[in-house]
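The values are calculated or read from the model by the stated rules, or taken from the named source; none is laboratory data. Every value quoted in this text rests on a predicted model; they were computed, and no experiment measured them. All Cβ positions, glycine included, derive from the backbone under ideal geometry; neighbour counts span all protein chains shown.
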């Protein structure tokens, strides 16, 4: 079996470089970060010293940062022109920061149409992405459209919605997909058993194509199948359960792709350590929870 690349979203408190050290202590193979305060629209420019220190930390800690998640404030589907243009500027900055830091992927939620309608929203997302791509910024960075739970008017609940964004874009070669297990489950895609997992991945391949999948967010779900409520919980402790994750982490079609936790955590790294251990144990066909049954 090819080695899996498990990791977690890590804080950048104390500087971008600190995420790599946290990742090493947690036992990560890879790390995802925010490149700035995700609750603010703008960030001061990165300094040469920050960039160099960040790149050095990846080498010394042995844990590469493979993805940035963009700000939750960004809504590339916004029907309001002011918010749409503000989101485009912010997204361009996110892409530029990825390029400066040498991070290969930028993960984004497709946004919410806020009443303008699904197709209008999807076309709005594609148009926004094209405007950013055509500035020439971050040519080597792949934008990953994340599957969503479908709360409210959020786009990306169905595989078809992501496929249409890719279809509508003038630059489909710049786009990939990040599959969030909690989100697809909440959206109605069952992955709890080997059979249901296989059916869901078959649907994903039919609609989008497995080659578009570049990363996973591994999260169990507090809420039931089809709830359209986004509530992450620890691996094996939610409504998806261990067998669904066992099927995914042993799927050779996704070997080598980043599989990153976004599960709840406290002030320390204990929860990440525990969840990573669970995932690795599933690769061997033996869960660390089996003895508790």
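The set of residues from region 122-137 being touching a residue at least 40 places away in the same chain (Cβ under 8 Å), surrounded by fewer than 16 Cβ atoms within 10 Å (Cβ to Cβ) and not in a helix (DSSP H, G or I) comprises just one member, 135.
Would you be able to say whether some residue in region 156-164 is part of a loop (DSSP other than H, G, I, E, B), on the phi < 0 side of the Ramachandran plot and out of contact with any strand residue (DSSP E or B) (no Cβ under 6 Å at 6 or more places or on another chain)? The answer is yes, given that some residue of region 156-164 is part of a loop (DSSP other than H, G, I, E, B), on the phi < 0 side of the Ramachandran plot and out of contact with any strand residue (DSSP E or B) (no Cβ under 6 Å at 6 or more places or on another chain). Count of region 14-60 residues, restricted to those that are over 21 Å from the mean Cα position of the chain (by Cα) and at positive phi, is 2. Note on region 75-102: among residues that are surrounded by fewer than 22 Cβ atoms within 10 Å (Cβ to Cβ) and under 24 Å from residue 8 (Cβ atoms), the one that is farthest from the chain's Cα centre (by Cα) is 100. What about residue 143, is it under 30 Å from residue 236 (Cα atoms), in contact with a strand residue (DSSP E or B) (Cβ under 8 Å, 6 or more places away or on another chain), free of Cβ contacts under 8 Å to residues at least 40 places away in the same chain and outside any loop (DSSP other than H, G, I, E, B)? The answer is no for residue 143.
Of 230, 267, all but one fail to be crowded, with 19+ Cβ neighbours inside 10 Å and within 30 Å of residue 13 (Cα to Cα); the exception is 230. Here residue 180 meets each of (1) surrounded by fewer than 21 Cβ atoms within 10 Å (Cβ to Cβ); (2) touching a strand residue (DSSP E or B) at 6+ places or on another chain (Cβ under 9 Å) with one exception, condition (1).
May I ask you to verify whether residue 253 is assigned to a helix (DSSP H, G or I), out of contact with any strand residue (DSSP E or B) (no Cβ under 6 Å at 6 or more places or on another chain), crowded, with 16+ Cβ neighbours inside 10 Å and at pLDDT 95 or above? For residue 253, the condition - assigned to a helix (DSSP H, G or I), out of contact with any strand residue (DSSP E or B) (no Cβ under 6 Å at 6 or more places or on another chain), crowded, with 16+ Cβ neighbours inside 10 Å and at pLDDT 95 or above - is not met.
Only one of the listed residues (125, 143, 63) is over 23 Å from residue 5 (Cβ atoms) and in contact with a helix residue (DSSP H, G or I) (Cβ under 9 Å, 6 or more places away or on another chain). That residue is 125.
Within region 27-36, the set of residues being surrounded by 24 or more Cβ atoms within 10 Å (Cβ to Cβ) and within 17 Å of residue 259 (Cβ to Cβ) comprises 28, 31, 32, 33. Filtering region 215-227 to residues that are buried (at least 23 other Cβ atoms within 10 Å of the Cβ) and in a loop (DSSP other than H, G, I, E, B) leaves only 219.
Apart from one condition, residue 240 fits all of (1) within 16 Å of the chain's Cα centre (by Cα); (2) surrounded by 16 or more Cβ atoms within 10 Å (Cβ to Cβ); the exception is (1). Taking the numbered list (1) part of a helix (DSSP H, G or I); (2) over 29 Å from residue 175 (Cα atoms) in turn, residue 279 passes all entries but (2).
The residues in region 1-19 that are over 15 Å from residue 258 (Cα atoms), in contact (Cβ under 8 Å) with a residue 40 or more places away in the chain and buried (at least 16 other Cβ atoms within 10 Å of the Cβ) can be counted, and the count is 3.
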